[in-house]
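Asks: Just dropping this structure here.
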Amino acid sequence: MATITGITGITGITGITGITGITGITGISGSTGITGITGISGGAATAGSVDGASAAGLLHAREGIVGRWDVADVMTPKARTPGAVDNLEAWSPAVRSAVILREVLAAFRTTVAPGATPQDKAGAALHALGPDIAAPAPAVLARFAAPDADAFKAQLRFLRSYADLRADRATEILTQAGYTTLYFNHVIGLHPGQRRWTHELVGILYAVASACVLDVKHILACHRPDAYSPQVQPMLPTPGHGTLPSGHAAEAYAVATFLNGFLAARAGGAGSVGAQKLADMLFRMAERIAINRTIAGVHYPVDSVAGAALGAVIGQALLGLGADPATTQAGGTPVATFAFDGMQQADKDFVHEDLFTDAGALQNGDDRVTLGAPHHVAAPGEGSLFRALVARAAAEWEAP
């Protein structure tokens, strides 16, 4: 069984700061070019590098314009306060995202979780760590027990049926191969040139969810569908990591959950017609992205169940980490916790309505996901870079 704990030290997923190798995930952001944590600068590649001809041209141009250089006659740039949040605005988007990602990933840790009995297969757990590294044992946000081989084989019938939709969904599937930021940008009307901080924030959400899910995948080590049948014939190259949980489902539901909470007030307030429609469209998009991976032949529906639940929890935790302490309830932002058991209802599809309420909250409607007591995530202090990014992003949206 796997566990995800929750919000303190830099342990666990800092190995995922090897996932700042996943800032190589900013590379992945930039991989869709669409996400643009790096792509935001638009000319990041142009601004950050030159070809040989340009270098030679710059050399000759300098000789013609600098004149006599008196090194005593220089400018004095404005002094910067070490560690100040405002220093973020001086860095390139790629550097800024790497620094913020390092902070946020320190809030999560993933461990191997023992089985309920000695005969049970071990799983994975995601933990939420507290702001104080000396705090008591971290809370378990999510616990995973993977399906066995027979349970995965029972899921193959869904892949056989979904394969009929490949021609209809091919454009979506191919353009969603990396991060699916563009699809959420379309729902919320997000143009990176107009709301650059929000655009960067969405890239961070993707990177955090990706880091967490890759760690759980590594622990569970589940085979992809084509390992069980050559007739799967996926329409995309099989990714080079385990199948469960689905990364696309986790990322999409983390983004949908966060954006739903982040933008609800700007859609007329929670419970308003505008907020309800926003929630519906965000989660329908997340659901469609998840199902497209089964249509493509690279995921089972059960992968999406585990991934969607994980993404929802990560999205809620990030809302807590980005909250203003002055406006949050005592004890912090409530975050759902759950246990996933892939051996339950092995022959069942991924059904969004079973797993989520109309407002996008996790519920006990799919026997594979059992909710526990919520964990409260306290808002960080003034020095939090992630909180500063969220505040800058919020200022880009007009109040209703």
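The values are calculated or read from the model by the stated rules, or taken from the named source; none is laboratory data. None of the values given here were measured: they were computed from a predicted structure. Because the Cβ atoms are built from the backbone with ideal geometry, glycine has one as well, and the counts that use them run over all protein chains shown. Keep in mind that these areas ignore ligands, DNA and RNA; they rest on the heavy atoms of the full protein, side chains included. Shrake-Rupley method; radii C 1.70, N 1.55, O 1.52, S 1.80 Å.
Asks: At 1.4 Å probe size, put E63, E382, E89 in order of accessible surface, largest to smallest.
Replies: Numbers: E63 125, E382 145, E89 100 Å².
Final ranking, largest accessible area leading: E382, E63, E89.
Asks: Mind giving me the nanometre distance, one decimal, between the label points for R62 and A79, set 7 Å out from Cα along Cα→Cβ?
Replies: Reported label-point gap for R62 and A79 is 3.0 nm.
Asks: Turning to a different aspect of this structure: Percent relative contact order of region 290-363, based on C-alpha pairs within less than 8 angstrom and at least six residues apart? It would help to have the intermediate numbers written out before the result.
Replies: Numbers: 46 pairs, mean separation 26.9, N = 74.
Value for region 290-363: 36 percent.
Asks: Within straight cross-link reach of K348, meaning Cα distance under 12 Å, which aspartates and glutamates are found once same-chain residues fewer than 8 apart are removed?
Replies: K348 reaches D303, D366, D367.
Asks: Between E353 and Q233, what is the label-to-label distance in nm when each label sits 7 Å out along the Cα-to-Cβ direction?
Replies: 3.3 nm
Asks: For V85, V66, V305, what's the largest-to-smallest order of accessible area, 1.4 Å probe? Before the final figure, lay out the partial values.
Replies: Details: V85 30, V66 70, V305 0 Å².
Output order, biggest surface exposure first: V66, V85, V305.
Asks: Let me cross-check I291: its accessible surface, 1.4 Å probe, with only protein heavy atoms counted, in Å² to the nearest 10?
Replies: 30 Å²
Asks: By accessible area of protein heavy atoms, probe 1.4 Å, what ranking do V104, V74 get, highest first? Can you show the working numbers first?
Replies: Values: V104 5, V74 95 Å².
Of V104, V74, the descending order of accessible area is V74, V104.
Asks: Something else now. How large a share of the accessible area of region 222-266, in percent, is made up of carbon and sulfur atoms when the probe is 1.4 Å and the other protein chains stay in place? Spell out each step's value before the answer.
Replies: Numbers: 810 of 1580 Å².
Looking at region 222-266 in its full context, I get 51 percent from C and S.
Asks: Using only protein heavy atoms and a 1.4 Å probe, report how much of D354 is accessible, in Å² to the nearest 10.
Replies: Per-residue accessible area (D354): approximately 40 Å².
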